[in-house]
Every structure is written in structure tokens, then in C-alpha cells.
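Worksheet: one structure, shown below.
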Amino acid sequence: MAAARNICEIRQSHAKQKARFLASLKKLQEQYQNYTNHGFDKQLPTAIADSWTIVKSCIDFKEGFTSPHNVAVLSVPEDVRSGCYSLGASLVESALFNQTQ
């Protein structure tokens, strides 16, 4: 039962970090969509696509070092994704106007 709870907590962490990443992308889009100074509004789609690419590349990179020897460990993919979404969210949040961190 403890193992099941542990996996549930890890999956919740993964979901929380993905939600944080998605919220940061939404906030970035809201802040820059009408910000025409220096063409930021035109670079926004590229920045969002690049953010997804960074997260995907992070996942691919980390999973390359954990597979196949950790295939039986269910927590590894969740930990990898949680960490990569956290990295992506932190990167996007660093580009926001009014940081609260």
C-alpha cells in the first residue's frame, strides 16, 4: 500500500509541475501578446514552441540515462517529467514582467 501511495504522490507532483508549466506559458502569452516593442508579440509563438521543445528534450535526455535499467521502477518516468516541467516553468517564469519569486 505504501508503494501505491508513493507512486500516487509522484504522479501528483508530475501533474502539478505540468500545470505550473502550462500556467506560465499562458501568463507569458497574456503578457506579451500585445507588447509590440522590439517585436515581442511576433516572437511569442516561437518562444512558446521552444519552451515545449526544451521540456521534451529534457525528458528525452533524462530518460536516455534511466532506461532500460530502471524500466521496472514506476517512479522514474514520473520524476523525470516532473523535473523537466519544473525546469520549463522556471525558464518561462523568468521571462515574465512581474515575478513574485
Could you go through region 3-25 and let me know if any residue there is modelled with pLDDT under 80 and within 27 Å of residue 95 (Cα to Cα).
no
Hey, residue 87 hits all of (1) modelled with pLDDT under 90; (2) out of contact with any Ser or Thr (no Cβ under 9 Å at 6 or more places or on another chain) but one; which does it fall short on?
(1)
In region 36-80, which residue that is surrounded by 14 or more Cβ atoms within 10 Å (Cβ to Cβ) and hydroxyl-bearing (Ser, Thr, Tyr) is modelled with the highest pLDDT?
51
Can you find, within region 1-35, the residue that is surrounded by the fewest Cβ atoms within 10 Å (Cβ to Cβ) among those that are hydroxyl-bearing (Ser, Thr, Tyr) and part of a helix (DSSP H, G or I)?
13
Residues in region 23-40: is at least one within 15 Å of residue 84 (Cβ to Cβ) and either out of contact with any helix residue (DSSP H, G or I) (no Cβ under 9 Å at 6 or more places or on another chain) or not β-branched (Val, Ile, Thr) (or both)?
yes
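Using the structure shown, decide if residue 80 is out of contact with any Leu (no Cβ under 7 Å at 6 or more places or on another chain), in a loop (DSSP other than H, G, I, E, B) and not charged (D, E, K, R). Working first, answer last.
Values: out of contact with any Leu (no Cβ under 7 Å at 6 or more places or on another chain): yes; in a loop (DSSP other than H, G, I, E, B): no; not charged (D, E, K, R): yes.
No: the conditions fail for residue 80.
Test residue 93 against the criterion of being of a type in the set (D, E, K, R), touching a His at 6+ places or on another chain (Cβ under 8 Å) and modelled with pLDDT under 95, and give yes or no. Please lay out each step first, then the result.
Details: of a type in the set (D, E, K, R): yes; touching a His at 6+ places or on another chain (Cβ under 8 Å): no; modelled with pLDDT under 95: yes.
No; evaluated as a whole, the condition is false for this residue.
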If we ask which residues in region 36-53 are within 17 Å of residue 88 (Cα to Cα) and either among the aromatic types (Phe, Trp, Tyr) or not in a helix (DSSP H, G or I) (or both), their number turns out to be 1
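The values are calculated or read from the model by the stated rules, or taken from the named source; none is laboratory data. The model shown is predicted, which means the values in this text are computed figures rather than measured ones. Because the Cβ atoms are built from the backbone with ideal geometry, glycine has one as well, and the counts that use them run over all protein chains shown.
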